[in-house]
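Undergrad: First the structure, then my questions, so here it is.
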Ligand code: SF4
């Protein structure tokens, strides 16, 4: 999906406790691997066993942290966070980890997901100003420690998490222990990894375990808290088992293709989706091309099933980040040319099957089509690896309200005409779910169906697209 069409928030969390290694350096590697989950701010909190230091800033992980800055974060336990924050002056305030001190307990927290009862929870603290739902969680933890006087972060986490509704994969730590937790539906992923050195790692995606040399132990199960301390890993539940609702779009484009989710290879799931799309919507064409990079696996699947050769029409610059500001139409066109370079030989006079993972706002995709037309494409057949995205996400991805979602306001034929493509087919939901996992995977599909598994804070608009 083109960058500005992407949902704005799908954070990455990481945590490590390893008596033998610099935790801030390991966390840097983990965050670098999770950079795609949030590119506007990043932060690390580290403990040396007696105190916690937090360093966070706006920007990409590699731009914020260098060896000098990591050396200033000594310790063998750390958590880290990558985030897409809102723009403007308040953005730094939203950077994580957030931290609090209460009754002699100092802790830091990183959160992936969105709560749906934030406003209700916030009314308990009428004098506080909150920058995010993560801020509210931290304040509730501090309040629990203070009012119940137990002086124990684990007790506070166990007491507070059942009060949260919505999506949360959390990493939390005080000076001596690292805690991971996942909401009862498991909307967002969270994994536990083991290091040869005897250390433990928590991460949103398995490639972040791999990069620090950890092996995947298991997923944190929905409704579970794991506490990692000197005595190893302790697990307990804070909620009854609920139907699993892992975000379908973690498979479609959020997660890295080299990862494993719910026991399934993300790359393999995307290839199967491409195969299913070729079976559902064949077309006579010369070349199957992906919109790089999250559509590559799906395009390979479509090409293999259809027998049409796979090729590249657009080369994505590996250096472009999210920070390029494009206030005008001319700037936006420039931004697109910075991002994508067309291979004219593969485009001119060719009938292309263009495979895209999803269409949310589609504004950048519209310009991408123009780029392909300008390069001489004879026909453009758009195949989308997911169903129409018609309903906003309340569980961790900021997709904007319904009026910004192209499939919420237009029919498929109107979208085809608007995007100026010769044909347009979205993958059926049943085929996508089957492609992700032949077994019932327990997926959230709310943005495609309007059926929200956890009630949302305000009534959804009309169910009519
Ligand atoms: S609403 Fe859509 S994007 Fe949000 S968690 Fe559910 S499947 Fe994922």
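The values are calculated or read from the model by the stated rules, or taken from the named source; none is laboratory data. The structure presented is a predicted model; accordingly, all values stated were derived computationally and were not measured. So basically every Cβ, Gly included, is an ideal-geometry build from the backbone, and we count neighbours across all protein chains shown.
Undergrad: When you go through (1) modelled with pLDDT of 95 or more; (2) in a helix (DSSP H, G or I) one by one for residue 78, which number turns out not to apply?
TA: (2)
Undergrad: To continue, here is another question. Which residue, of 26, 73, is at pLDDT 95 or above, outside any loop (DSSP other than H, G, I, E, B), in contact with a strand residue (DSSP E or B) (Cβ under 8 Å, 6 or more places away or on another chain) and farther than 30 Å from residue 384 by Cβ?
TA: Going through 26, 73 in turn, just one is at pLDDT 95 or above, outside any loop (DSSP other than H, G, I, E, B), in contact with a strand residue (DSSP E or B) (Cβ under 8 Å, 6 or more places away or on another chain) and farther than 30 Å from residue 384 by Cβ: 26.
Undergrad: Here's another thing I want to ask about it. Is at least one residue of the stretch 405-412 out of contact with any helix residue (DSSP H, G or I) (no Cβ under 6 Å at 6 or more places or on another chain) and surrounded by 24 or more Cβ atoms within 10 Å (Cβ to Cβ)?
TA: Yes, the stretch 405-412 contains at least one residue that is out of contact with any helix residue (DSSP H, G or I) (no Cβ under 6 Å at 6 or more places or on another chain) and surrounded by 24 or more Cβ atoms within 10 Å (Cβ to Cβ).
Undergrad: Then there's this: So residue 58 fits all but one of (1) at pLDDT below 95; (2) touching a strand residue (DSSP E or B) at 6+ places or on another chain (Cβ under 7 Å); (3) within 29 Å of residue 251 (Cβ to Cβ); what number is the exception?
TA: Of everything listed in (1) at pLDDT below 95; (2) touching a strand residue (DSSP E or B) at 6+ places or on another chain (Cβ under 7 Å); (3) within 29 Å of residue 251 (Cβ to Cβ), residue 58 misses just condition (3).
Undergrad: May I ask you to say which residue of 87, 139, 146 is modelled with pLDDT under 95 and either in a loop (DSSP other than H, G, I, E, B) or surrounded by fewer than 23 Cβ atoms within 10 Å (Cβ to Cβ) (or both)? First the steps, then the outcome.
TA: Numbers: 139 fails: modelled with pLDDT under 95; 146 fails: modelled with pLDDT under 95.
Of 87, 139, 146, the one residue that is modelled with pLDDT under 95 and either in a loop (DSSP other than H, G, I, E, B) or surrounded by fewer than 23 Cβ atoms within 10 Å (Cβ to Cβ) (or both) is 87.
Undergrad: Right, next: Quick check on the stretch 292-312: of everything there that is in a loop (DSSP other than H, G, I, E, B) and in contact (Cβ under 8 Å) with a residue 60 or more places away in the chain, which residue is nearest to residue 280 (Cα to Cα)?
TA: The extreme case among them is 295.
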